[in-house]
Amino acid sequence: MADANPFQDPLRFERRVPPCAIVIFGANGDLTKRKLLPALYRLAYERRIPQTFAILGNSRTHLSDEDFRAKMKESVQKFLEDAPFDESVWESFSKGLYYVTGDLQDPACYEAIAKKLSEVEKDHQTGGNAIFYLSTQPSFYADVVQRLGDQKLNHGAGWRRVIIEKPFGHDLESARKLNTDIQGVFRETEIYRIDHYLGKETVQNILAFRFGNGIFEPLWNRRYVNHVQITAAESIGVEGRGAYYQEAGALRDMIQNHLLQVMATVTMEPPTVYDADNVRDERAKLLRSVRIMKPEEVPLYSVAGQYGPAKVGGDDLPGFRQEHGVDPEARTDTYAAATFFVDNWRWAGVPFYIRTGKRLPKRVTDIAIQFNAAPLSLFRQDTKSGLMTPRPNLLILRIQPEEGISLRFLSKSPGSGMRVRPVSMDFNYGSSFGERSPTAYETLLVDAMAGDATLYTRQDMVDASWQVVQPILDGWANQKFDFPNYAAGSWGPKASDEMLARQGHVWRVP
Ligand SMILES: NC(=O)c1ccc[n+]([C@@H]2O[C@H](COP(=O)([O-])OP(=O)(O)OC[C@H]3O[C@@H](n4cnc5c(N)ncnc54)[C@H](OP(=O)(O)O)[C@@H]3O)[C@@H](O)[C@H]2O)c1
């Protein structure tokens with residue numbers, strides 16, 4: 001049946017956003033200033049949100065509406081990526097910016113928000129539509145939602161929605177409890193769990209690439225794919241967020257959410273229709289097919305790492321334990337790698353290697369799909385060493401930076417004799433389209449306003465990915481790691497290379 005919501009356009013051609021207000025909890029924080037406000041300003045600049053729109057920020061720091069506007073103007077000017085700042089657009093946009101000082105643990109804060117929200121609704125004709133964006137400490141999420149319910153802010157003249165930032169839970173049990181707590185106040189269709197990777201253009205393009213073309217899908221299975229490597233490497237360390245990071249670690253911070261979602265995007269079955277239910281059904285089904293590791297498999301199929309100090313390019317880089325705010329004996333994983341298997345007919349037996357880490361040699365996120373080698377090598381490889389190392393076809397989906405897709409294949413080297421050498425066929429987003437891509441937060445905020453949850457995670461998806469990660473966390477809690485086990489600026493611990501070597505594979509250098 002066709003969707004009854006007139007604001008939904010699953011393919012996002014003529015997305016109309018209804019009037020609404022966004023209440024941002026944690027409005028004095030890093031995410032608000034670096035991502036949310038620049039994204040909202042940009043949407044106003046492009047006239048993708050209506051004039052009848054308002055933002056209500058909340059934090060404990062005392063600020064007047066004017067102070068908040070001035071602070072946000074500074075942030076937008078500083079963090080607006082590849083986009084111009086227009087004084088006249090800001091002038092009109094900032095008239096819809098308001099601030100309520102208050103502590104989330106104090107019921108009076110919610111009374112003040114409710115009062116201000118109803119004033120804003122009148123002044124800006126937002127029709128009672130409101131989104132509550134939880135951009136504050138994760139330990140507050142359940143409490144904030146409960147108090148929104150106590151104050152009856154989950155109901156209004158229009159629709160009400162809640163956006164929950166990552167991390168969604170600290171482990172399987174806490175994620176389940178959080179789901180139950182939030183669903184006690186909001187219906188599942190009103191809950192938007194954000195995983196900003198799903199909003200990235202390049203991640204959405206994986207679906208376009210797979211399901212918009214006829215030639216790749218027939219190869220997209222265990223008969224042709226040898227293995228897949230997903231890498232999310234960062235060259236920076238914890239950058240002043242050591243206290244937060246030491247509680248999370250790489251497995252929780254990246255694999256449980258972003259990278260398992262990316263893997264699901266690469267491996268899910270085609271949905272019958274491109275809409276929130278069908279796409280999320282397929283993602284959830286895939287995540288439920290990921291094999292859960294047994295305790296004795298954890299050391300074989302997962303690797304934890306932590307960086308130690310090193311001199312890189314003349315700079316002395318500190319180890320994780322020497323970072324500001326970090327316990328000198330911290331057991332946190334700043335590197336995590338795992339081998340996953342998807343137990344379904346399409347992928348049985350194909351290893352999916354995922355790795356992520358801080359202080360690796362470069363910042364890069366990509367997916368490398370390695371196909372089986374040709375059954376018979378007729379030609380000599382043209383390599384300096386003259387060795388006949390097989391170079392199978394490789395398809396690389398580049399998420400960041402240099403967003404694009406490359407296909408590696410063998411080509412005849414110039415000159416006499418049939419020698420072959422790997423070459424690459426490249427598609428580059430920037431040069432092919434020559435226009436700016438929206439940031440993930442622009443895409444996701446418009447989607448939430450339009451009531452489209454396709455790119456948000458659902459309860460069953462979050463639950464399934466925690467089920468995959470929990471045995472690894474449990475296994476690691478009982479293992480004694482010799483941290484630090486990789487030097488800052490290197491590609492991670494030796495054990496990670498050994499994990500692949502056991503299957504006859506090697507990590508590629510991105
Ligand atoms: N930063 C990022 O790049 C990023 C990326 C992805 C996800 N996230 C997630 O987004 C959320 C926010 O992250 P963040 O980096 O913006 O954190 P943050 O910089 O620590 O900001 C949180 C804000 O919440 C306010 N706050 C703290 N306790 C409060 C209380 N009791 N009552 C009212 N307000 C309170 C604080 O402002 P006052 O001191 O003025 O109260 C603070 O500025 C977190 O869940 C994080 O995991 C962040």
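Figures for the structure shown
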quantity	calculated
Sole exception among (1) surrounded by 13 or more Cβ atoms within 10 Å (Cβ to Cβ); (2) more than 14 Å from the ligand (Cβ to nearest atom); (3) in a helix (DSSP H, G or I); (4) within 30 Å of the chain's Cα centre (by Cα) for residue 114, by number	(4)
Hits in the stretch 40-58 (condition: free of Cβ contacts under 8 Å to residues at least 60 places away in the same chain and either over 21 Å from residue 20 (Cα atoms) or β-branched (Val, Ile, Thr) (or both))	55
Checklist (1) out of contact with any Ser or Thr (no Cβ under 6 Å at 6 or more places or on another chain); (2) within 18 Å of residue 351 (Cβ to Cβ) applied to residue 232, failing item	(1)
Any hit, the stretch 249-271, residues being surrounded by fewer than 19 Cβ atoms within 10 Å (Cβ to Cβ) and either within 16 Å of the ligand (Cβ to nearest atom) or of a type in the set (Val, Ile, Thr) (or both)	no
Residue selected from the stretch 147-181 under the condition aliphatic (A, V, I, L, M) and surrounded by 19 or more Cβ atoms within 10 Å (Cβ to Cβ), by the criterion nearest to the ligand (Cβ to nearest atom)	164
Residues located in the stretch 228-246, provided they are in a helix (DSSP H, G or I) and either touching a residue at least 24 places away in the same chain (Cβ under 8 Å) or at positive phi (or both)	242, 243, 245, 246
Residues of the stretch 79-96 satisfying the condition of being in contact (Cβ under 8 Å) with a residue 12 or more places away in the chain and not in a loop (DSSP other than H, G, I, E, B)	79, 89, 90, 92, 93, 94
Selection count where residues are farther than 13 Å from residue 95 by Cα and either surrounded by 13 or more Cβ atoms within 10 Å (Cβ to Cβ) or within 13 Å of the ligand (Cβ to nearest atom) (or both), scope the stretch 58-76	9
Selection within the stretch 471-486 - crowded, with 18+ Cβ neighbours inside 10 Å and under 20 Å from residue 238 (Cβ atoms)	473, 476, 483, 484, 485, 486
Pairs with Cβ under 6 Å, 6+ apart, first in the stretch 260-273 and closer than 16 Å to residue 350 by Cβ, second acidic (Asp, Glu)	268/282; 269/282
Check on residue 329, acidic (Asp, Glu) and under 26 Å from the mean Cα position of the chain (by Cα)	no
Test set (1) touching a residue at least 60 places away in the same chain (Cβ under 8 Å); (2) farther than 19 Å from residue 187 by Cβ; (3) within 15 Å of the ligand (Cβ to nearest atom) - residue 144 fails condition number	(2)
Count of residues meeting criterion [surrounded by 15 or more Cβ atoms within 10 Å (Cβ to Cβ) and among the charged types (D, E, K, R)] in the stretch 292-311	1
Residue satisfying all of: in the stretch 27-39; in contact (Cβ under 8 Å) with a residue 60 or more places away in the chain and assigned to a helix (DSSP H, G or I); farthest from the chain's Cα centre (by Cα) among these	38
Residue 101 within 16 Å of the ligand (Cβ to nearest atom), over 18 Å from residue 185 (Cα atoms), modelled with pLDDT under 95 and hydroxyl-bearing (Ser, Thr, Tyr)	no
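Table: residues versus (1) farther than 30 Å from residue 272 by Cα; (2) modelled with pLDDT under 95; (3) more than 16 Å from the ligand (Cβ to nearest atom).
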{"site": "13", "(1), (2), (3)": "no, yes, yes"}
{"site": "21", "(1), (2), (3)": "yes, no, yes"}
{"site": "41", "(1), (2), (3)": "yes, no, yes"}
{"site": "52", "(1), (2), (3)": "yes, yes, yes"}
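The values are calculated or read from the model by the stated rules, or taken from the named source; none is laboratory data. All values derive from a computational prediction rather than experimental measurement. A quick note on method: Cβ atoms are made from the backbone with ideal geometry, for glycine too, and the neighbour counts reach across all protein chains shown.
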